[in-house]
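Some notes on the structure that comes next.
Each value in this text was obtained by applying a stated rule to the coordinates, not by laboratory testing. Note that the structure is a prediction, hence the values are computed from the model and not measured. Cβ coordinates were reconstructed from backbone atoms using ideal geometry, including for glycine residues, and neighbour counts include every protein chain displayed.
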Amino acid sequence: MEGKDTLIVGTRGSLLALWQARHVAARLEEALPGVAARLEVIRTRGDAVLDAPLSRIGGKGLFTREIEEALLDGRIDLAVHSIKDLPTEVPEGLEVGAIPVREEPWDALVSRDGRSLDALPPGARVGTSSLRRRALILAVRPDLRVVELRGNVDTRLGKVAAGEVDAAVLALAGLRRLGREGEVSQVLDGEAMVPAVGQGALGIEVRSGDPRVAAAVAALHDAATARAVTAERAVLAALDGGCQVPLGAHARDAGGGRIELRAFVALPDGSEAIRVRAEGAPGEAASAVIARLRAAGAEELLARARAAAPGPIPPTAEGGAGG
């Protein structure tokens, strides 16, 4: 690293988080030959509490706060997050400096015997820590048992293999990044399965007013991904959603600077759901989707969803190791 400008990259310590941080570090070094990047692993509250549902733990920045504190203190120069873990409001003094090209945003089912969601037997146990995934599964298969499943990707896949659950739903992006895509039984990419806001995308967080780091991470920014993710996050922010409610949004490029944005909110048991979509410039599409959700009673449905969730649950970002 002698003679090179060193950038310290903050990250969580899970295998997936480390893969993501190393990927960003390698791309920085590739794009900027005068830069050397090294990782700094930081433990977050979400990593420390593994014996309670995400919806029960609550708190904004469950997987990001300690990393952001290190960024504000100057202990690290940038932070790499799964952007679905990043609250829509970042602390004063910080900003999202770049959003790289997105991996596939879909959920994936991993079952012990390779069965699809439709082919699972009645009463089969499906593991997830996401209320969004719970609602989507039960809307399609109300006869299944959806059970809480925490831990990193390896832990969750291990519980499927050991028979603790019959199947689990994880992010396809995380499985691909860890070389575990071969274990996927079904990619849940149909109209009914709306991904989490920002799923598959990374967010590189930096200090505001730091031109050296801002210029470095700008080399990794992808404008099309950023347009889509920003529109999705606008829906999340407007409805004050998070892991305590089933809410999803997904934007795709519709050409000519336009996007198609679809979103849904539901009760945790999947018995009621509202789905809307709109197409237009990113800001217009987001505004239209938010207005249509509100007109259809989304805020009332989310209030009922919060009331049905266990424990005191303040709004927070859906997350957990990008899985």
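Numbers at a glance
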read-out	value
Residue match in region 169-183 (condition: loosely packed, with under 15 Cβ neighbours inside 10 Å and more than 26 Å from GLY256 (Cα to Cα))	yes
Every pair of residues 6+ apart whose Cβ atoms lie under 6 Å, when the first sits in region 148-161 and is touching a residue at least 60 places away in the same chain (Cβ under 8 Å) while the second is in a strand (DSSP E or B) and crowded, with 21+ Cβ neighbours inside 10 Å	ARG156/ALA168
Identity of the residue in region 136-170, charged (D, E, K, R) and assigned to a helix (DSSP H, G or I), that ends up farthest from the chain's Cα centre (by Cα)	LYS159
